[in-house]
Each structure stands twice: as C-alpha cells, then as structure tokens.
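**Student:** Take a look at this one; I'll ask things after.
The values are calculated or read from the model by the stated rules, or taken from the named source; none is laboratory data. This structure is a prediction, so every number in the text was calculated from the model and none was measured. For neighbour counting, all protein chains shown are included, and Cβ atoms are generated from backbone atoms with ideal geometry for every residue, glycine included. Areas reflect the complete protein model, heavy atoms only, side chains present, ligands, DNA and RNA absent. Shrake-Rupley method; radii C 1.70, N 1.55, O 1.52, S 1.80 Å.
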Amino acid sequence: MTKSQLITMLAKTEGISVRVAEIIVDTTFKVLEEAMIKGDRIEIRGFGSFKVKSYDGYKGRNPRTGALIEVEPKRLPFFKVGKDLQRLVNGGDKPME
Amino acid sequence: MTVTKAHIVDRLHAELHQVAKVTKNDCARFVETIFELLKGSLAQGEDVLISGFGKFCIRTKNERRGRNPQTGESIILPSRKVVTFKCSGILKKRMNHGR
C-alpha cells in the first residue's frame, strides 16, 4: 500500500473527498515527522511506538574500494511494533504469549 | 515528550476546521481509520510505503531452536512474522540536519 492508496481508502471508508483525505493523511505523517525531528517519542496504541536512537560516529571502510571513511554520528527512528499489530500479522486471533 | 493519537487529532482539527465542517470526534475517527487501514494492509502481508516518511515491511523469521532461560529446556521457536520500519532518506536528512 502506498500513501496515495491510503488516501483513496480513507476517502472511501469515511465518505469524504479525496482532497480532504489527503490533508488528513499528510497532517498525520507531518505530526509524526516533526516529533521525530525533535527527538520525541511517539506512541500509537495497538499500532506501535517510535523512539529516536542516536548512533555515534565511527571510522568505516567503503566495502568496494576499501577506502577509509568517517561515518558521522546520526539519529534514526526505531519502530517497535504494538501488541495488536504483532498479533494481526501472525494470523490474527491466536493469543499472544 | 510522548506524541500520541490525541496530538494528531488536535492538529488535524486545527488544520481542517477551516477547510471542511469537521468536529474533533470526526478527526478522532479519521486518525483511528488511518491506523486501522495501515494495520489491515500489514496484516495481509502487504508492505506500506509512505513516501517522504518511510516504509513498513513484513519480514518472516525462520523457525529456530531456543531455550527457556528459566528452566534451560530446549524448545523450537516457530516461524513468525515481524514488522520493520525503514526511515525514508528525506526524513533521515531532516532528522540529522541543523544539529
């Protein structure tokens, strides 16, 4: 599923125009992006949570040329799947252990 | 701070009420529907690609031999599916610039 498919499906499910559905989807992900940029945690019950992890810089090598390169410190979002979604992707109604 | 659905609902209401006649309840339902649609796609084993944000992928983990750490007893852990998230390059840049 892509973002445009999500927009179409939201419009259909909710009986709203595609234009409004697009604003809704864009705003939703904008809020999530802004939180990640700020380094905030995100928790969506039943879906999952995001945490921003910081990674130190290190000296690495280009695997093709062997050249030594400096890898800059970076921040990346880490997604932890929620219980409900974890259960759903594994076939639904089986209870979680 | 932890961002939740409630934050998204508030923001949606602020952004939408000039464009369309929507109540906060409507916005709460919209946000609920979005995540239900995302979950439905992943539950069917279909990846979700949100350009500019990232991609949610379903990965299948093989069956493997594990141990109950409490009793030391050897058990077979069955094959299972996990959801992974790969951040988009655009978002990665935005998270790492201006720091």
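**Student:** What's the magnitude of the charge dipole for the protein assembly as shown around its Cα centre, counting Lys and Arg as +1 and Asp and Glu as -1 at the beta-carbon? Answer in Debye, nearest 20. Present the calculation step by step, with values, prior to reporting the outcome.
**Tutor:** Details: 37 positive and 22 negative charges, 152 e Å.
Here the size comes out at about 740 debye.
**Student:** On to the next question. Enter the mean number of other protein chain beta carbons within 10 Å of the beta carbon of each residue in A:20-30, as an integer. All intermediate terms of the calculation are to be shown ahead of the outcome.
**Tutor:** Values: counts 5, 3, 0, 6, 12, 4, 2, 10, 11, 8, 5.
The shielding value for this peptide is 6.
**Student:** Provide Rg over Rh for the range B:1-43; use the alpha carbon set for both Rg and the Kirkwood Rh (inverse mean inverse pair distance).
**Tutor:** Values: Rg = 11.5 Å, Rh = 11.0 Å.
The Rg/Rh ratio comes out at 1.05.
**Student:** Can you tell me the accessible area per residue over chain B, all protein chains present, probe 1.4 angstrom, in square angstrom? Walk me through the intermediate numbers first.
**Tutor:** Values: 6250 Å² over 99 residues.
Ligands and nucleic acids excluded, the result is 63 Å² per residue.
**Student:** Here is a follow-up. If you plug each phi of the range B:6-16 into the Karplus form 6.51 cos²θ - 1.76 cosθ + 1.60 with θ = phi - 60°, what whole-Hz ³J(HN,Hα) values come out, in order, with x for Gly and Pro?
**Tutor:** Rounded to whole hertz, the list is 4, 5, 5, 4, 4, 5, 4, 4, 4, 7, 8.
**Student:** Determine the gain in length on full extension of the stretch residue A:71-residue A:43; use 0.36 nm per residue of separation and subtract their C-alpha separation, reporting nm with one decimal. Walk me through the intermediate numbers first.
**Tutor:** Numbers: separation 28, 0.36 × 28 = 10.08 nm, distance 3.01 nm.
Length gained, residue A:71 through residue A:43: 7.1 nm.
**Student:** If each Cα of the protein assembly as shown is one equal point scatterer, what is log10 of I(q)/I(0) from the Debye formula at q = 0.08, 0.09, 0.15 Å⁻¹?
**Tutor:** -0.34, -0.43, -1.00
**Student:** Another question, then. Checking a compactness column here: for chain A, what do you get for Rg(Cα) / (2.2 N^0.38 Å), N being the number of residues? Display every interim value, and only then the final one.
**Tutor:** On the way: Rg = 19.1 Å, N = 97, 2.2 N^0.38 = 12.5 Å.
Dividing the Cα Rg of chain A by 2.2 N^0.38 Å gives 1.53.
**Student:** Run the helix sum for chain A: -39,500 (n - 2.57) per DSSP H stretch of 4+ residues, divided by residue count, reported at 222 nm to the nearest 500 deg cm²/dmol. Present the calculation step by step, with values, prior to reporting the outcome.
**Tutor:** Details: 3 runs with 40 residues, N = 97.
Taken over chain A, the calculation gives -13000 deg cm²/dmol.
**Student:** Could you state the principal axis extents of the C-alpha atoms in the range A:44-97, from the largest down, to the nearest angstrom?
**Tutor:** 51, 22, 15
**Student:** Per-residue Cβ counts within 10 Å, from other chains only, averaged over B:80-88: what number is that? Walk me through the intermediate numbers first.
**Tutor:** Details: counts 4, 6, 4, 10, 2, 8, 3, 8, 1.
Per-residue shielding by partner chains comes out at 5.
**Student:** What fraction, in whole percent, of alpha-carbon pairs in chain B exceed 15 Å separation?
**Tutor:** Values: 3687 of 4851 pairs.
Summing the P(r) tail past 15 Å for chain B gives 76 percent.
**Student:** Roughly how many debye, to the nearest 20, is the charge dipole of chain A about its Cα centre, given +1 on each Lys and Arg Cβ, -1 on each Asp and Glu Cβ, and no other charges?
**Tutor:** Numbers: 18 positive and 13 negative charges, 62 e Å.
Dipole magnitude for chain A comes out near 300 debye.
**Student:** How far apart, in nm, are two points set 7 Å out from the Cα along the Cα-to-Cβ line at residue A:62 and at residue B:93?
**Tutor:** Label-label distance for residue A:62 and residue B:93, simple model: 2.0 nm.
**Student:** Beta carbons within 10 angstrom, averaged per residue: use that to sort the peptides B:30-37, B:76-83, B:58-65, A:46-53, highest first. All intermediate terms of the calculation are to be shown ahead of the outcome.
**Tutor:** Numbers: B:30-37: 19.9, B:76-83: 13.8, B:58-65: 10.8, A:46-53: 17.9.
The densest-packed peptide leads the list: B:30-37, A:46-53, B:76-83, B:58-65.
**Student:** Residues of B:3-15, mean number of Cβ from any other protein chain within 10 Å of their own Cβ, rounded to a whole number?
**Tutor:** Details: counts 13, 7, 8, 0, 6, 10, 2, 1, 5, 5, 1, 1, 6.
Mean partner shielding for this stretch: 5.
**Student:** Next question, about the same structure. Ranked from highest to lowest mean number of other Cβ atoms within 10 Å per residue, what is the order of the peptides B:43-49, A:56-62? Provide the component values of the computation, followed by the final result.
**Tutor:** Details: B:43-49: 15.9, A:56-62: 9.6.
Peptide ranking by packing, descending: B:43-49, A:56-62.
**Student:** Checking an interface number: how much accessible area is buried between B and A, summed over both chains, with a 1.4 Å probe, in Å² rounded to 100? Mind dumping the intermediate values first?
**Tutor:** Numbers: alone 8540 and 8180 Å², together 12140 Å².
By this definition, chains B and A bury close to 4600 Å².
**Student:** Whenever you get a sec, compute what percent of the accessible area on the protein assembly as shown sits on carbon and sulfur atoms (1.4 Å probe). List each step's numbers first, then the result.
**Tutor:** On the way: 6160 of 12140 Å².
Ligands and nucleic acids excluded, carbon and sulfur give 51 percent.
**Student:** For a bin width of 5 Å, list the pair-distance distribution of the range B:47-99 built from all Cα-Cα distances, rounded to whole %.
**Tutor:** The calculated distribution, bin by bin, is 5, 17, 14, 14, 11, 10, 9, 10, 8, 3, 0.
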